[in-house]
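Okay, so here's the structure we're looking at.
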Amino acid sequence: MPDLPDLFAMPGLSRGAPKQGFPIKEMSPPVAYQVVHDELLLDGVSRINLATFCTTWIDDHARRLMAESLDKNIVDKDEYPQTAELERRAARMVADLWHAPNPATAPGTSTIGSSEAAMLGGLAAKFRWRHNGGTGTPNFVCGPVQVCWEKFARYFDVEIRQIPLRGDRLTMHPDDVAAHCDERTIMVVPTFGQTFTGLFEDVAGISKALDQLQHSSGLDIPIHVDAASGGFLAPFTAPELVWDFRLPRVKSINASGHKTGLAPLGCGWAIWREAADLPASLIFDVDYLGGSMATFNLNFSRPGGQAITQYYDFIRLGRTGYRRVQSEIYRVAQYLARRLADLGPFELINDGNPHRGITAVSWRLREGQRYNLYDLSDRLRTRGWLIAAYPLPADREDETIMRAVIRHGFTVDMADLLLADIGRCLGQLDKHALTLTKAEAGGFTHDATPAVPDSKMR
Ligand SMILES: Cc1ncc(COP(=O)(O)O)c(C=O)c1O
């Protein structure tokens, strides 16, 4: 046996990793692996990252399916017809879950996430509006939305009309909608499980307000529901809540398979009520078993494993299993909310009631504390917890809130560990007040400040 040096004494690990120009020399795979693996030690631990909405736990069978489909490109329908078939079945199942009038013919597709699905829904609304004779710059009306809608507005030249928050109204209120609509409004976008607070917007109330608007003005404005997180919760835990295709005005819905859908990262769904709601000009054909198959996506190549694994989740759990899993995360969210309220300084906004919102527990700080929520977020990072603190959207930027997204795999025991750490941090902050700003605390939220302000882009 040749005398092999220890891994950490090999060339490659005795100097820093290449970081700037394209590397000149090769590295052996174990060395290169170790370099990358070790650098990633500095990333946060995803299971205790309560800022993310996305899947951070999947079972071993899902992992196996993901590994087995690593080489499958979902766009190659002809080469991987069964992947195409599983995607199609899963889309039909989602259409069924959301009460499409005819799930077998409702158009739907997997996407890379809710952002792509939202853009497709928005584009379909824009094309329908133009097809019906709409001219000028189109607009859409919404409450506080995730940044994907600001992207949609900017990338596709559509005006976003975000209804400002008023007082304690932290969601888009049906009473405020009509005043923001006109003949150039291509859709109203309620969020079913708001990013900021986790609260559901009242889709049925908004639909009714639009019925009244149609009655009084003749404007027939469709709804696209952003159900990124709510779309795979309410059907199981609040089935009597009417927010989906049961409302005739709802023409399209997006949701993230990779959030409450329990699929691995990289899976979203866009579903339309019926074929007429997805304009033909958005559809392209790709080869499929000697024939052709319709696709409507922004990207061409995409990994196939996510849709495959989503199908596995659907058949593995079924309605009964999803109800069990989702009820459990609501139970943990309610437990966390109750215990947070008991601590004293917090006032809950979303307490994990399945009829009011998703399992994103959110809270504000009562007046008179020596610290703010950015301080708490910063302190909690020292124990590995990532919990977002951020200001509310316009016109309530004066208020800072905090949110912990409870997901599959987060247990009561983990909630206890978190609560103990929060208690400890509050004790420290009471003694050594900090009062950081949002920028100083860093961290991660789902809002995003554009690199170039809108005013300068135009
Ligand atoms: C309401 C809402 N819509 C859209 C998105 C974007 O989803 P994705 O990250 O799947 O693109 C999010 C992400 O958190 C969200 O909360």
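The values are calculated or read from the model by the stated rules, or taken from the named source; none is laboratory data. No experiment lies behind these values; they were computed from the predicted model shown. Every residue, glycine among them, receives a Cβ derived from its backbone with ideal geometry; neighbour counts consider all protein chains shown.
Conditions (1) touching a Phe, Trp or Tyr at 6+ places or on another chain (Cβ under 7 Å); (2) modelled with pLDDT under 95; (3) closer than 26 Å to Phe152 by Cβ; (4) among the acidic types (Asp, Glu), marked per residue:
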| site | (1), (2), (3), (4) |
| --- | --- |
| Asp375 | no, no, no, yes |
| Asp421 | yes, no, no, yes |
| Ala441 | yes, yes, no, no |
| His446 | no, yes, yes, no |
First in segment 158-170 and farther than 30 Å from Arg128 by Cα, second anywhere and assigned to a loop (DSSP other than H, G, I, E, B) and modelled with pLDDT under 90, Cβ under 8 Å, 6 or more apart: Arg166/Asp395
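Does Pro164 satisfy being of a type outside the set (Val, Ile, Thr), outside the structural domain of Asp395 (by TED's automatic domain parsing) and within 21 Å of Leu278 (Cβ to Cβ)?
no
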Complete set of residues in segment 144-164 that are more than 16 Å from the ligand (Cβ to nearest atom) and more than 14 Å from Ala125 (Cβ to Cβ): Pro164
Hits in segment 352-388 (condition: in contact (Cβ under 8 Å) with a residue 12 or more places away in the chain, over 17 Å from Thr437 (Cα atoms) and assigned to a loop (DSSP other than H, G, I, E, B)): Gly352, Asn353, Pro354, His355, Arg356, Ile358, Thr359, Arg366, Arg383, Gly384, Trp385
Filter pass, Ala179 being among the small types (Gly, Ala, Ser), within 16 Å of the ligand (Cβ to nearest atom) and assigned to a helix (DSSP H, G or I): no
First in segment 48-67 and within 13 Å of the ligand (Cβ to nearest atom), second anywhere and assigned to a loop (DSSP other than H, G, I, E, B) and among the small types (Gly, Ala, Ser), Cβ under 6 Å, 6 or more apart: Phe53/Ser229
Strands (runs of 3 or more DSSP E) contained entirely in segment 203-308, each with at least 2 residues that are away from the ligand (no atom under 16 Å from the Cβ) and free of Cβ contacts under 8 Å to residues at least 24 places away in the same chain: 284-288, 291-295
Failed item, numbered, when Arg130 is tested on (1) outside any loop (DSSP other than H, G, I, E, B); (2) of a type outside the set (A, V, I, L, M, F, W, C); (3) under 30 Å from Met402 (Cα atoms): (3)
Residues of segment 76-107 that turn out to be assigned to a loop (DSSP other than H, G, I, E, B) and surrounded by fewer than 21 Cβ atoms within 10 Å (Cβ to Cβ), as a count: 10
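Determine if segment 96-104 includes at least one residue that is within 16 Å of the ligand (Cβ to nearest atom) and under 22 Å from the mean Cα position of the chain (by Cα). Working first, answer last.
Keep residues of segment 96-104 that are within 16 Å of the ligand (Cβ to nearest atom), which gives 98.
Now restrict to residues that are under 22 Å from the mean Cα position of the chain (by Cα): 98.
Within segment 96-104, one or more residues are within 16 Å of the ligand (Cβ to nearest atom) and under 22 Å from the mean Cα position of the chain (by Cα).
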